[in-house]
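The values are calculated or read from the model by the stated rules, or taken from the named source; none is laboratory data. Remember, predicted model here, so these are calculated numbers, not experimental data. FYI the Cβ positions are ideal-geometry reconstructions off the backbone, even for glycines, and counts take in every protein chain you see. Heads up: the accessible areas ignore ligands, DNA and RNA and are worked out on the full protein's heavy atoms, side chains in. Shrake-Rupley method; radii C 1.70, N 1.55, O 1.52, S 1.80 Å.
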Amino acid sequence: MQGLLDLFVSIATQPAILISLIALIGLLVQKKKASAVITGTVKTLVGFLVLTGGAGILSGSLQPFSEMFQFALNTNGVVPSNEAVVAIALQEYGTPTALIMLVGMIVNIVLARVTRFKYIFLTGQAMLYVSCLTAVILVSAGFGQGLSTILLGGLFEGTLLTITPALCQPFMKKITGSDDVAMGHTGNIGYAASGLIGKWFGNPEDSTEDINVPKGLAFLRDSTVSVMLLMSIVYIILAFMAGPEFIEGNLSNGENFLVFSLIQAGSFTAGFVIVLQGVRMVIGEIVPAFQGIADKFVPDAKPALDVPIIFPYAPNAVLIGFFTSFLVGTFSMFVMLGMGTTIIIPGVIGHFFCGAASGVFGNSTGGKRGAILGSAFNSLLISWLPLAIIPLLGNLGLAASTFADTDYLIPGIALGTVGSFGATALLVGIIAFVASVFIANFVLNKRDTKNA
């Protein structure tokens, strides 16, 4: 049993394997020729590995950035990191986490089948992290690690991962120009909020991608060139702030601090370019392959994919969102220093992926102003909400780190707060959450019928 469980976790937490298996099933269901099945499956696998490889290069180049930033400002505190907090929790809650994830995937498929929210969540590591958060909170509420925790946790997770892509889909249509792909990330609540803020306060005609560039600087219209130049300036400024002694003694193995900074900027740019290529490959293969799954099991279902999937649609908004988010996170850190609270140090990787996506969502409805305001608002959420969730995790010895994205923080705080009133309150709360999805489904269907 444990061997099968380990195999399931290994497959489900490797999005490339999970998505290529889904592509394989979709192509087989459509009775494609063997050559088409092999081609589609392999290209989906390789495309996703290209995408995740690029994201890994991005993350790797941002790690020195984070260390230089903390040293330059001489700050100590909690850096939100989903990976770190889950690694701690899995030591004690590994089995219920895996089983909650399995039940959650089934619930997601069932809800997509019977409601209008037809989104199949395919980001494996995000599912694992949500499962872990859910297991920790249910156990702390008194459910133990038995069947009730697994079933209730899976019901909560499956519902959450069905509804959050639905919040983002109106904006995904604007971003991608189609209704073929959904957002399957754990920052969806923040992204949807960014899209709304852009709609309320921005101007969609003033897009970040229409920034006027003088003829003499026309080379900046090439996203590769503009990203490299901008990141080089940022890294070099930070390198001078941290000082050559720190960088050459701790980060670069003696390499000149300016050369090291330029290489990191180049690595970031290379990762960005690789992500764009991977996105093109995945979209080109998974959408038609997924159609077979949709036609057979969940009519009109859409794959909810990881956050880099939207980066090619607005590269300028990606950078604007990242820097706005990081600056707001840094400002929030200084405010916390003055207040004497726990210090939440802005995690560069979290602010890049979530801030960049918020910028793209805000830009889709509100142009430049929407990108700035949307990513700033999301940054406030991921900077301040960790203060509220830390006590809920600290009771179990997890306060050395905390979760980073809105879809961990907001549902986690809600679940933990209800759980503080006991197991019965948590049971009622989860059932009410599931019921609210069916109520929303009924109301929206009735509205559509009336409009028709």
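In this structure the amide hydrogen of I120, modeled in the peptide plane, comes within under 5 Å of the amide hydrogens of K302, A304, none closer than 5 places in sequence on its chain.
Taking the accessible area of the chain, probe 1.4 Å, and keeping the other protein chains in place, the carbon and sulfur fraction comes to 66%.
Using a 1.4 Å probe and counting only protein heavy atoms, arrange E67, E157 so the residue with the most accessible area comes first.
Values: E67 75, E157 0 Å².
The most accessible residue leads, giving E67, E157.
Accessible-area rank, largest first, for I247, I25: I25, I247, with all protein chains present and a 1.4 angstrom probe.
Select one label from [x] -0.23, -0.66, -1.15; [y] -0.33, -0.83, -1.14; [z] -0.26, -0.74, -1.26: the one whose number is log10 I(q)/I(0) by the Debye sum over Cα atoms at q = 0.06, 0.10, 0.13 Å⁻¹ as derived from the coordinates shown. Computed from these coordinates, log10 I(q)/I(0) by the Debye sum over Cα atoms at q = 0.06, 0.10, 0.13 Å⁻¹ corresponds to label [z]. Compactness of segment 267-349 was expressed as the Cα radius of gyration divided by 2.2 N^0.38 Å, which yields 1.61.
Counting pairs of alpha carbon atoms under 8 Å apart in space and at least six apart in sequence, what relative contact order in percent does the chain give? If you can, show how the numbers build up before the last one.
On the way: 794 pairs, mean separation 120.6, N = 452.
Result for the chain is 27 percent.
The HN-Hα couplings worked out from phi for segment 134-144 by the Karplus form 6.51 cos²θ - 1.76 cosθ + 1.60 (θ = phi - 60°) are 5, 4, 4, 6, 5, 5, 5, 7, x, 7, x Hz, whole numbers, x standing for Gly and Pro. Taking the Cα centre of the chain as origin and assigning +1 to Lys and Arg Cβ atoms and -1 to Asp and Glu Cβ atoms, the resulting dipole is close to 1440 debye.
Can you figure out the FRET efficiency of A432 with L258, using R₀ = 45 Å and their beta-carbon distance, to the nearest 0.05?
Details: r = 57 Å, r/R0 = 1.27.
Efficiency computed from Cβ-Cβ geometry: 0.20.
Of all lysines in the structure, the ones whose alpha carbon falls short of 27 Å from that of K174, not counting any fewer than 8 places away in one chain, are K43, K118, K199, K302, K368, K446, K450. Calculated [222 nm] ellipticity per residue, helices only, for the chain: -26500 deg cm²/dmol; basis is -39500 (n - 2.57) per DSSP H run with n ≥ 4, divided by all residues, nearest 500. As I understand it, the dipole of the chain uses +1 on the Cβ of Lys and Arg and -1 on the Cβ of Asp and Glu, about the Cα centre. Which of G187, G144, F117 lies farthest toward its positive end? Farthest towards the positive end: F117. Surface calculation, 1.4 Å probe, protein heavy atoms: R113 sits at approximately 130 Å² accessible.
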